[in-house]
Amino acid sequence: MAETTIPVDEPTAFRLTLRLHFETPVNIGGYGAPTFVDRPFRRDRNGWPFIPASSLKGRLRHECERLVRALGYRVCRGPNPREMCRGGDDVCPICRIWGSPWIAGNIYPADLVLERPPGLGETAPPSDIRYNVSLSRRRRVAEEARLFTTELFLPGIPLTFSGVWEARLSLRELVLVEAGLGAITALGRGKTGGLGWCTIRVQTEAWSQGDWHPVTAADRAEGRAAW
Ligand SMILES: [Zn+2]
């Protein structure tokens, strides 16, 4: 495969193939699920769970922000739109990638859909319900305790969700996004209770000379050095 040179600080078209693998049961909250559950998981029209682009995008933006602050860069204060970057020359590294209410981002997240190996069957298997007791945060008294239910998808086999995101980033920005993906160890509700533990693998290709080429370890080293 031909060696490519990706500019460190100029935008390049990238294609990120994401595969998210859950090690514990998961609940990504949302609508369109049975109403008899307090905390249903998000599902598509056919009943299969999926990971909405907006869920992973929000989480990933947060991880990138944490990393950039740790590197000593200034980042605007979301989520209050009045305190976020408005464009011009003074846009923080996070809004450059993810956008703000005033400027467009340069990464285009897509839903991650469940990979369905033959063992999973053709129709979505029934979900399980987990019971928890919630205490009122305001008054921690027994009378205010309430039993609530969380819906879990437990098909009995490991779950992998995948999708392709496109982006127009500098190499420097790309390595930050990849680092953010690597920093995500759990997704969805009940993380402290052990739900939604996951690992995310990403394969990234850059568009160059009329074709997609894998981003190499050497490319990534250059991108990291630019921070
Ligand atoms: Zn900003």
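Of note:
- Note on Ile51, Ile200: ascending count of other Cβ atoms within 10 Å places them as Ile200, Ile51, the fewest first.
- Charges were assigned to the Cβ only: +1 to each Lys and Arg, -1 to each Asp and Glu. The resulting dipole of the chain about its Cα centre is roughly 1120 debye.
- Tensor-based shape of the range 1-108 (alpha-carbon gyration tensor, a/c under 1.5 rounded, otherwise prolate or oblate): oblate
- In terms of its alpha-carbon gyration tensor, the chain comes out oblate; a/c meets the 1.5 threshold, while b/c is at least as large as a/b.
- Per-residue Cβ neighbour rank within 10 angstrom, fewest leading, Arg224, Arg82, Arg61: Arg82, Arg224, Arg61
- Label point of Arg77 set 7 angstrom out along Cα-Cβ; within the range 89-117, amide nitrogens under 20 Å from it belong to 90-96, 99-103.
- Potential extension, Trp48-Ala218 segment - 0.36 nm per residue separation minus Cα distance: 57.3 nm
- Order of Arg77, Arg39 under a 10 Å beta carbon neighbour criterion, fewest first: Arg77, Arg39
- Angle in degrees between helix 171-183 and the longest Cα principal axis of the chain, rounded to the nearest 10: 20
- Degrees, to the nearest 10: 53-70 long Cα axis against longest axis of the chain: 60
- When the helices of the chain are scored as -39500 (n - 2.57) per DSSP H run of n ≥ 4 and the total is divided over every residue, the value at 222 nm lands at -6000 deg cm²/dmol.
- Residue of Asp44, Asp90, Asp111 that the Gaussian network model of the chain assigns the largest fluctuation, springs spanning Cα pairs under 10 Å: Asp90
No lab work stands behind these numbers, since they all come straight from the coordinates. For clarity, every value in this text was computed on a predicted model and none was experimentally measured. No Cβ is skipped: glycine too gets one built from the backbone with ideal geometry, and neighbour counts run over all protein chains shown.
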